[in-house]
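Structure, as C-alpha coordinates:
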Amino acid sequence: MSEETQPDTDRVVVVRDGVAFRGWTSFSTTESIENCVSTFELEITGVYVAAATALREDQDVQIRLGDDVLIAGVIDEVAIGGDADGLTVKVTGRSNTRDVVDCSSPLGNKSGLTLLGLVRWLVADYPIEVVDEAGVGGKIIRSWCAEEGESIFDAIDRLGRDHAFMVTDDPQGRLVLTRAGAGGTASWGIARGEGFLSGDVTRSCADRFSVYEIRGQEVSDLDVSVDVLGGAEDVAMRRFRKLIVRPERGLSGGDAALRARWEATTRAAKALEATYKLRGFRQRDGSLWRKNQTVQVVDPLCGIAGAELLVVEVTRSLSAEDGRVTVLKLAPPEAYTPQPAKVDVKGYAYEEPELTDPGELGADDLGIEGDL
(Lines give C-alpha, C1' and ligand atoms only; values in the text may rest on other atoms or scores of the structure.)
Protein backbone atom coordinates (compact mmCIF):
# COMPACT_ATOMS: atom_id res chain seq x y z
CA MET A 1 0.00 0.00 0.00
CA SER A 2 1.63 3.22 -1.10
CA GLU A 3 1.82 5.95 1.50
CA GLU A 4 0.44 8.36 -1.10
CA THR A 5 -2.96 6.60 -0.92
CA GLN A 6 -3.41 7.61 2.75
CA PRO A 7 -5.32 10.70 3.94
CA ASP A 8 -3.10 13.69 4.72
CA THR A 9 -3.64 13.26 8.48
CA ASP A 10 -2.12 9.76 8.33
CA ARG A 11 0.62 10.35 5.78
CA VAL A 12 4.17 10.00 7.08
CA VAL A 13 6.52 12.83 6.11
CA VAL A 14 10.24 13.27 6.78
CA VAL A 15 11.15 16.94 7.17
CA ARG A 16 14.78 18.05 6.81
CA ASP A 17 15.70 21.74 6.81
CA GLY A 18 12.14 22.65 5.91
CA VAL A 19 12.02 20.23 2.95
CA ALA A 20 9.35 17.50 3.10
CA PHE A 21 10.12 14.01 1.76
CA ARG A 22 6.94 12.07 0.99
CA GLY A 23 5.81 8.87 -0.68
CA TRP A 24 7.22 6.35 1.83
CA THR A 25 6.02 2.84 1.01
CA SER A 26 6.60 1.48 4.52
CA PHE A 27 7.64 2.78 7.91
CA SER A 28 7.82 1.92 11.60
CA THR A 29 8.30 4.07 14.70
CA THR A 30 8.63 2.93 18.30
CA GLU A 31 8.47 4.95 21.52
CA SER A 32 8.71 3.41 24.99
CA ILE A 33 8.85 4.56 28.61
CA GLU A 34 11.49 1.86 29.12
CA ASN A 35 13.89 3.79 26.87
CA CYS A 36 14.89 7.43 26.62
CA VAL A 37 15.22 7.21 22.84
CA SER A 38 12.59 6.60 20.14
CA THR A 39 13.39 4.88 16.85
CA PHE A 40 12.25 5.16 13.25
CA GLU A 41 12.70 3.14 10.07
CA LEU A 42 11.37 4.14 6.64
CA GLU A 43 11.59 2.65 3.16
CA ILE A 44 10.71 4.08 -0.22
CA THR A 45 10.53 2.78 -3.79
CA GLY A 46 8.86 4.05 -6.93
CA VAL A 47 8.45 7.55 -8.30
CA TYR A 48 9.53 9.41 -5.14
CA VAL A 49 12.69 7.42 -4.47
CA ALA A 50 15.04 9.79 -6.32
CA ALA A 51 14.26 12.66 -3.94
CA ALA A 52 14.94 10.45 -0.91
CA THR A 53 18.52 9.81 -2.07
CA ALA A 54 19.29 13.36 -0.86
CA LEU A 55 18.89 12.21 2.76
CA ARG A 56 22.17 11.51 4.55
CA GLU A 57 23.30 10.01 7.82
CA ASP A 58 23.75 12.45 10.74
CA GLN A 59 21.13 14.86 9.41
CA ASP A 60 18.51 16.34 11.74
CA VAL A 61 14.95 15.38 10.77
CA GLN A 62 11.41 15.34 12.01
CA ILE A 63 9.15 12.35 11.43
CA ARG A 64 5.59 13.59 11.12
CA LEU A 65 2.21 11.97 10.72
CA GLY A 66 0.13 14.66 9.09
CA ASP A 67 0.56 17.70 11.35
CA ASP A 68 1.62 15.63 14.37
CA VAL A 69 5.30 15.24 15.19
CA LEU A 70 6.20 11.64 16.01
CA ILE A 71 9.97 11.98 16.47
CA ALA A 72 12.50 14.81 16.32
CA GLY A 73 15.79 13.08 15.76
CA VAL A 74 18.83 12.22 13.70
CA ILE A 75 19.34 9.81 10.81
CA ASP A 76 21.70 7.02 11.88
CA GLU A 77 21.92 5.18 8.59
CA VAL A 78 20.88 5.46 4.94
CA ALA A 79 20.95 2.38 2.71
CA ILE A 80 20.50 2.80 -1.06
CA GLY A 81 20.29 -0.16 -3.41
CA GLY A 82 18.20 -2.00 -5.91
CA ASP A 83 18.18 -4.00 -9.11
CA ALA A 84 17.30 -3.52 -12.76
CA ASP A 85 13.66 -2.97 -11.83
CA GLY A 86 14.22 -0.02 -9.52
CA LEU A 87 15.85 1.65 -6.54
CA THR A 88 15.09 1.39 -2.80
CA VAL A 89 16.11 3.81 -0.06
CA LYS A 90 15.95 2.76 3.58
CA VAL A 91 16.42 5.31 6.36
CA THR A 92 16.82 4.50 10.06
CA GLY A 93 17.42 6.76 13.01
CA ARG A 94 16.61 7.76 16.56
CA SER A 95 15.36 10.74 18.52
CA ASN A 96 17.70 13.54 19.61
CA THR A 97 18.24 11.82 22.95
CA ARG A 98 20.35 9.14 21.25
CA ASP A 99 23.40 11.04 22.52
CA VAL A 100 22.23 10.42 26.09
CA VAL A 101 22.36 6.67 25.45
CA ASP A 102 25.49 6.55 23.29
CA CYS A 103 27.82 9.08 24.89
CA SER A 104 29.85 8.95 28.08
CA SER A 105 28.91 10.94 31.14
CA PRO A 106 31.19 13.89 31.96
CA LEU A 107 33.54 13.16 34.83
CA GLY A 108 33.62 15.15 38.02
CA ASN A 109 32.02 15.73 41.39
CA LYS A 110 29.09 18.08 41.92
CA SER A 111 27.49 19.38 45.11
CA GLY A 112 24.73 21.81 45.94
CA LEU A 113 23.05 21.66 42.51
CA THR A 114 19.36 21.10 42.05
CA LEU A 115 18.48 17.78 40.46
CA LEU A 116 17.35 19.54 37.29
CA GLY A 117 20.55 21.57 37.26
CA LEU A 118 22.63 18.40 37.57
CA VAL A 119 20.80 16.68 34.70
CA ARG A 120 21.25 19.76 32.53
CA TRP A 121 24.97 19.76 33.36
CA LEU A 122 25.19 16.11 32.29
CA VAL A 123 23.71 16.90 28.84
CA ALA A 124 25.25 20.37 28.46
CA ASP A 125 27.50 19.32 25.55
CA TYR A 126 24.49 18.27 23.47
CA PRO A 127 21.49 20.21 22.06
CA ILE A 128 19.02 18.45 24.34
CA GLU A 129 16.36 20.23 26.38
CA VAL A 130 15.35 18.72 29.73
CA VAL A 131 11.73 18.67 30.92
CA ASP A 132 10.75 17.92 34.53
CA GLU A 133 7.32 16.24 34.42
CA ALA A 134 7.94 14.44 37.71
CA GLY A 135 8.30 17.63 39.75
CA VAL A 136 11.62 16.52 41.23
CA GLY A 137 13.89 19.11 39.62
CA GLY A 138 14.04 21.40 42.65
CA LYS A 139 15.58 18.79 44.96
CA ILE A 140 19.04 19.74 46.17
CA ILE A 141 21.73 17.14 45.43
CA ARG A 142 24.22 17.55 48.25
CA SER A 143 26.90 15.41 46.64
CA TRP A 144 27.18 13.53 43.36
CA CYS A 145 30.11 11.74 41.79
CA ALA A 146 30.42 10.45 38.22
CA GLU A 147 31.30 6.81 37.69
CA GLU A 148 33.95 6.35 35.05
CA GLY A 149 32.73 4.55 31.95
CA GLU A 150 29.01 5.06 32.49
CA SER A 151 26.84 6.68 29.85
CA ILE A 152 24.89 9.87 30.41
CA PHE A 153 21.73 7.78 30.60
CA ASP A 154 23.27 5.52 33.26
CA ALA A 155 24.18 8.58 35.35
CA ILE A 156 20.67 10.04 35.09
CA ASP A 157 19.08 6.64 35.71
CA ARG A 158 21.09 6.43 38.93
CA LEU A 159 19.52 9.71 39.99
CA GLY A 160 16.13 8.34 39.01
CA ARG A 161 16.48 5.32 41.28
CA ASP A 162 17.42 7.54 44.21
CA HIS A 163 14.79 10.23 43.60
CA ALA A 164 11.83 8.28 42.22
CA PHE A 165 11.53 9.23 38.56
CA MET A 166 11.85 7.60 35.13
CA VAL A 167 13.80 8.92 32.12
CA THR A 168 12.28 8.98 28.65
CA ASP A 169 11.90 11.30 25.63
CA ASP A 170 9.04 13.18 23.97
CA PRO A 171 8.09 13.86 20.32
CA GLN A 172 10.12 17.08 20.35
CA GLY A 173 13.29 15.10 21.13
CA ARG A 174 13.54 16.43 24.67
CA LEU A 175 14.74 14.42 27.68
CA VAL A 176 11.85 13.97 30.09
CA LEU A 177 11.97 13.19 33.81
CA THR A 178 8.59 11.61 34.47
CA ARG A 179 6.48 9.15 36.41
CA ALA A 180 4.10 6.43 35.30
CA GLY A 181 0.82 7.76 33.94
CA ALA A 182 1.98 11.35 33.48
CA GLY A 183 0.71 11.24 29.88
CA GLY A 184 -2.91 11.36 31.04
CA THR A 185 -5.78 9.08 30.09
CA ALA A 186 -6.46 7.82 26.58
CA SER A 187 -9.74 9.01 25.11
CA TRP A 188 -10.60 5.56 23.80
CA GLY A 189 -10.68 2.31 25.76
CA ILE A 190 -9.81 -1.11 24.39
CA ALA A 191 -12.46 -3.83 24.43
CA ARG A 192 -12.44 -7.26 22.87
CA GLY A 193 -14.57 -7.27 19.74
CA GLU A 194 -14.49 -3.48 19.39
CA GLY A 195 -11.86 -2.35 16.95
CA PHE A 196 -8.65 -4.21 17.73
CA LEU A 197 -7.12 -6.72 15.37
CA SER A 198 -5.58 -8.99 17.99
CA GLY A 199 -4.82 -9.09 21.68
CA ASP A 200 -2.38 -11.18 23.69
CA VAL A 201 -2.00 -11.34 27.46
CA THR A 202 0.94 -13.03 29.18
CA ARG A 203 1.06 -13.87 32.88
CA SER A 204 4.27 -15.07 34.50
CA CYS A 205 5.45 -16.04 37.96
CA ALA A 206 9.12 -16.46 36.99
CA ASP A 207 10.26 -13.25 38.75
CA ARG A 208 7.66 -13.27 41.49
CA PHE A 209 8.22 -14.47 45.07
CA SER A 210 6.07 -15.14 48.11
CA VAL A 211 8.43 -13.53 50.62
CA TYR A 212 10.76 -10.56 50.14
CA GLU A 213 13.39 -9.57 52.67
CA ILE A 214 15.58 -6.49 52.47
CA ARG A 215 18.76 -6.90 54.48
CA GLY A 216 21.35 -4.18 54.85
CA GLN A 217 23.19 -1.91 57.20
CA GLU A 218 22.82 1.68 58.28
CA VAL A 219 25.54 3.82 59.74
CA SER A 220 24.04 5.76 62.64
CA ASP A 221 24.97 9.24 63.82
CA LEU A 222 27.52 7.56 66.09
CA ASP A 223 29.11 5.79 63.10
CA VAL A 224 27.87 2.45 64.39
CA SER A 225 26.67 -0.07 61.79
CA VAL A 226 23.17 -1.29 62.54
CA ASP A 227 21.57 -4.29 60.85
CA VAL A 228 18.21 -3.42 59.31
CA LEU A 229 15.50 -5.66 57.96
CA GLY A 230 12.28 -5.01 56.07
CA GLY A 231 9.93 -7.49 54.51
CA ALA A 232 6.79 -8.05 52.48
CA GLU A 233 4.67 -11.00 51.44
CA ASP A 234 2.85 -11.69 48.18
CA VAL A 235 -0.01 -13.86 49.43
CA ALA A 236 -1.24 -14.56 45.89
CA MET A 237 1.82 -16.79 45.36
CA ARG A 238 0.80 -20.34 46.19
CA ARG A 239 4.31 -21.73 46.57
CA PHE A 240 6.90 -20.63 49.07
CA ARG A 241 9.60 -18.64 47.21
CA LYS A 242 11.90 -16.33 49.14
CA LEU A 243 14.04 -13.51 47.78
CA ILE A 244 16.64 -11.65 49.87
CA VAL A 245 17.73 -8.30 48.46
CA ARG A 246 20.78 -6.39 49.57
CA PRO A 247 20.32 -2.76 48.53
CA GLU A 248 22.97 -0.73 46.76
CA ARG A 249 23.23 1.81 49.59
CA GLY A 250 22.73 2.06 53.33
CA LEU A 251 19.16 2.38 54.53
CA SER A 252 17.02 2.62 57.65
CA GLY A 253 14.40 0.17 58.84
CA GLY A 254 11.72 2.35 57.29
CA ASP A 255 13.61 2.41 54.02
CA ALA A 256 13.86 -1.39 54.09
CA ALA A 257 10.12 -1.80 54.60
CA LEU A 258 9.37 0.53 51.69
CA ARG A 259 11.88 -1.24 49.46
CA ALA A 260 10.40 -4.65 50.27
CA ARG A 261 6.90 -3.40 49.56
CA TRP A 262 8.12 -1.88 46.27
CA GLU A 263 9.81 -5.16 45.22
CA ALA A 264 6.64 -7.13 45.95
CA THR A 265 4.32 -4.66 44.24
CA THR A 266 6.31 -4.04 41.05
CA ARG A 267 7.10 -7.72 40.54
CA ALA A 268 3.43 -8.64 40.96
CA ALA A 269 2.45 -5.96 38.45
CA LYS A 270 5.14 -6.96 35.92
CA ALA A 271 3.74 -10.49 35.99
CA LEU A 272 1.07 -9.24 33.58
CA GLU A 273 1.89 -7.97 30.09
CA ALA A 274 -0.69 -7.24 27.40
CA THR A 275 -0.18 -6.45 23.72
CA TYR A 276 -2.96 -5.14 21.47
CA LYS A 277 -2.80 -4.59 17.72
CA LEU A 278 -5.12 -1.81 16.54
CA ARG A 279 -6.21 -0.71 13.10
CA GLY A 280 -5.00 2.81 12.27
CA PHE A 281 -2.87 5.32 14.17
CA ARG A 282 -5.44 7.38 16.03
CA GLN A 283 -7.97 7.21 18.82
CA ARG A 284 -11.60 8.03 18.11
CA ASP A 285 -11.10 11.72 18.91
CA GLY A 286 -8.33 11.95 16.29
CA SER A 287 -5.43 12.05 18.76
CA LEU A 288 -2.49 9.69 18.43
CA TRP A 289 -1.84 6.87 20.84
CA ARG A 290 1.04 7.96 23.07
CA LYS A 291 3.27 6.19 25.59
CA ASN A 292 2.73 6.79 29.32
CA GLN A 293 -1.01 7.20 28.93
CA THR A 294 -3.40 5.00 30.88
CA VAL A 295 -6.12 3.17 28.99
CA GLN A 296 -9.08 1.13 30.16
CA VAL A 297 -9.01 -2.45 28.90
CA VAL A 298 -11.98 -4.80 28.91
CA ASP A 299 -10.90 -8.25 27.77
CA PRO A 300 -12.58 -10.84 30.02
CA LEU A 301 -11.49 -13.75 27.82
CA CYS A 302 -7.88 -12.89 28.76
CA GLY A 303 -8.72 -12.16 32.40
CA ILE A 304 -8.81 -8.34 32.24
CA ALA A 305 -12.13 -6.90 33.33
CA GLY A 306 -11.99 -3.13 33.07
CA ALA A 307 -8.43 -2.50 34.31
CA GLU A 308 -6.63 0.80 33.84
CA LEU A 309 -3.34 -0.22 32.21
CA LEU A 310 -0.31 1.86 31.30
CA VAL A 311 0.84 2.30 27.70
CA VAL A 312 4.45 1.17 28.01
CA GLU A 313 5.30 1.14 24.31
CA VAL A 314 3.73 2.34 21.06
CA THR A 315 4.78 0.98 17.67
CA ARG A 316 3.21 2.46 14.53
CA SER A 317 3.75 0.86 11.15
CA LEU A 318 2.68 0.98 7.53
CA SER A 319 3.19 -2.05 5.30
CA ALA A 320 1.73 -3.62 2.18
CA GLU A 321 0.61 -6.63 4.24
CA ASP A 322 -1.10 -4.93 7.21
CA GLY A 323 -1.73 -1.36 6.14
CA ARG A 324 -1.73 1.17 9.01
CA VAL A 325 -1.33 -0.51 12.39
CA THR A 326 -0.62 0.57 15.97
CA VAL A 327 0.67 -1.98 18.49
CA LEU A 328 0.38 -1.11 22.18
CA LYS A 329 2.35 -2.85 24.90
CA LEU A 330 0.50 -2.48 28.21
CA ALA A 331 1.15 -3.25 31.88
CA PRO A 332 -0.30 -2.26 35.26
CA PRO A 333 0.97 1.22 36.27
CA GLU A 334 2.36 -0.28 39.48
CA ALA A 335 4.95 -2.12 37.38
CA TYR A 336 6.63 1.24 36.76
CA THR A 337 6.36 2.77 40.21
CA PRO A 338 9.81 4.25 40.89
CA GLN A 339 11.93 2.73 43.61
CA PRO A 340 11.10 4.65 46.79
CA ALA A 341 13.44 7.46 47.75
CA LYS A 342 15.23 7.27 51.06
CA VAL A 343 13.10 8.23 54.05
CA ASP A 344 14.15 9.29 57.54
CA VAL A 345 12.60 6.54 59.62
CA LYS A 346 14.70 4.65 62.16
CA GLY A 347 14.37 1.17 63.48
CA TYR A 348 13.08 -2.22 62.44
CA ALA A 349 9.99 -2.49 60.27
CA TYR A 350 8.16 -5.31 58.57
CA GLU A 351 5.21 -4.92 56.21
CA GLU A 352 3.00 -7.64 54.75
CA PRO A 353 0.84 -6.27 51.90
CA GLU A 354 -1.64 -8.62 50.34
CA LEU A 355 -1.06 -8.63 46.59
CA THR A 356 -3.82 -9.50 44.15
CA ASP A 357 -3.00 -11.93 41.37
CA PRO A 358 -2.51 -9.82 38.19
CA GLY A 359 -4.35 -12.56 36.32
CA GLU A 360 -7.51 -11.38 38.09
CA LEU A 361 -7.09 -7.66 37.45
CA GLY A 362 -10.31 -5.73 37.41
CA ALA A 363 -11.20 -2.09 37.80
CA ASP A 364 -9.36 -1.93 41.10
CA ASP A 365 -5.59 -1.74 41.45
CA LEU A 366 -3.30 -4.51 42.66
CA GLY A 367 -4.77 -4.34 46.15
CA ILE A 368 -1.89 -2.41 47.69
CA GLU A 369 -2.96 0.05 50.36
CA GLY A 370 -1.02 3.20 51.19
CA ASP A 371 1.58 5.18 49.29
CA LEU A 372 4.76 3.64 48.03
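The values are calculated or read from the model by the stated rules, or taken from the named source; none is laboratory data. Keep in mind that what you see is a predicted model, and the values were worked out from it rather than measured. Here the Cβ positions follow ideal geometry from the backbone for every residue, glycine too, while neighbour counts run over all protein chains shown.
Of note:
- Flag if Asp58 is out of contact with any Phe, Trp or Tyr (no Cβ under 8 Å at 6 or more places or on another chain) and farther than 17 Å from Leu42 by Cα: no
- Considering (1) over 25 Å from Met166 (Cα atoms); (2) in contact (Cβ under 8 Å) with a residue 12 or more places away in the chain; (3) of a type outside the set (Lys, Arg), the lone condition that Ala84 does not fulfil carries the number (2).
- Against the conditions (1) closer than 21 Å to Pro171 by Cβ; (2) at pLDDT below 95; (3) not acidic (Asp, Glu), Ile152 satisfies every one except (2).
- Restricted to region 9-83, the set of strands (runs of 3 or more DSSP E) holding at least 2 residues that are hydrophobic (A, V, I, L, M, F, W, C), touching an Asp or Glu at 6+ places or on another chain (Cβ under 6 Å) and at pLDDT 95 or above comprises 68-83.
- Within region 148-166, residues that are farther than 13 Å from Leu116 by Cα and assigned by TED's automatic domain parsing to the domain that holds Gly137 have Cβ atoms under 8 Å from residues that are assigned to a helix (DSSP H, G or I) and acidic (Asp, Glu) in these pairs: Ser151/Asp102; Ile152/Asp99, counting only partners at least 6 apart in sequence or on another chain.
- Only a single criterion out of (1) touching a strand residue (DSSP E or B) at 6+ places or on another chain (Cβ under 9 Å); (2) touching a residue at least 12 places away in the same chain (Cβ under 8 Å); (3) not assigned by TED's automatic domain parsing to the domain that holds Asp17 is not satisfied by Glu77, namely (3).
- Residues of region 12-41 satisfying the condition of being closer than 18 Å to Ile128 by Cβ and touching a helix residue (DSSP H, G or I) at 6+ places or on another chain (Cβ under 6 Å): Cys36, Val37
- Tally of residues being modelled with pLDDT of 95 or more, hydroxyl-bearing (Ser, Thr, Tyr) and over 22 Å from the mean Cα position of the chain (by Cα) across region 98-125: 1
- Within region 236-279, the residues that satisfy the criterion of being more than 26 Å from Gly160 (Cα to Cα) and either exposed (fewer than 15 other Cβ atoms within 10 Å of the Cβ) or of a type in the set (Ser, Thr, Tyr) (or both) are Arg238, Arg239, Phe240, Arg241, Lys242, Thr275, Tyr276, Arg279.
- Tally, over region 177-214, of residues that are touching a strand residue (DSSP E or B) at 6+ places or on another chain (Cβ under 8 Å) and without any contact (Cβ under 8 Å) to a residue 60 or more places away in the chain: 6
- With respect to the conditions (1) closer than 30 Å to Ser287 by Cα; (2) in a strand (DSSP E or B), Val100 falls short on a single one, namely (2).
- Unmet requirement for Ser225, which otherwise passes all of (1) at pLDDT 90 or above; (2) surrounded by fewer than 21 Cβ atoms within 10 Å (Cβ to Cβ): (1)
- Extreme residue, farthest from Ala50 (Cα to Cα), among residues of region 84-97 that are at pLDDT 95 or above and charged (D, E, K, R): Arg94
- Screening Asp76, Asp17, Asp68, Asp83 for residues that are under 21 Å from Val312 (Cβ atoms) and surrounded by fewer than 20 Cβ atoms within 10 Å (Cβ to Cβ) leaves exactly one candidate, Asp68.
- Among the residues of region 275-296, those identified as in a strand (DSSP E or B) and under 19 Å from the mean Cα position of the chain (by Cα) are Thr275, Tyr276, Lys277, Leu288, Thr294, Val295, Gln296.
- Qualifying residue in region 328-345 (condition: more than 30 Å from Ala256 (Cα to Cα), touching a Leu at 6+ places or on another chain (Cβ under 9 Å) and modelled with pLDDT of 90 or more): yes
- Test: residue in region 131-145 that is among the polar types (S, T, N, Q), at pLDDT below 95 and either in the same structural domain as Asp68 (by TED's automatic domain parsing) or closer than 30 Å to Pro300 by Cβ (or both): no
- Exactly one residue among Ala134, Ala155 is out of contact with any strand residue (DSSP E or B) (no Cβ under 7 Å at 6 or more places or on another chain), of a type in the set (Gly, Ala, Ser) and surrounded by 19 or more Cβ atoms within 10 Å (Cβ to Cβ), and that residue is Ala155.
- Test: Ala307 is touching a residue at least 60 places away in the same chain (Cβ under 8 Å) and of a type in the set (Gly, Ala, Ser): no
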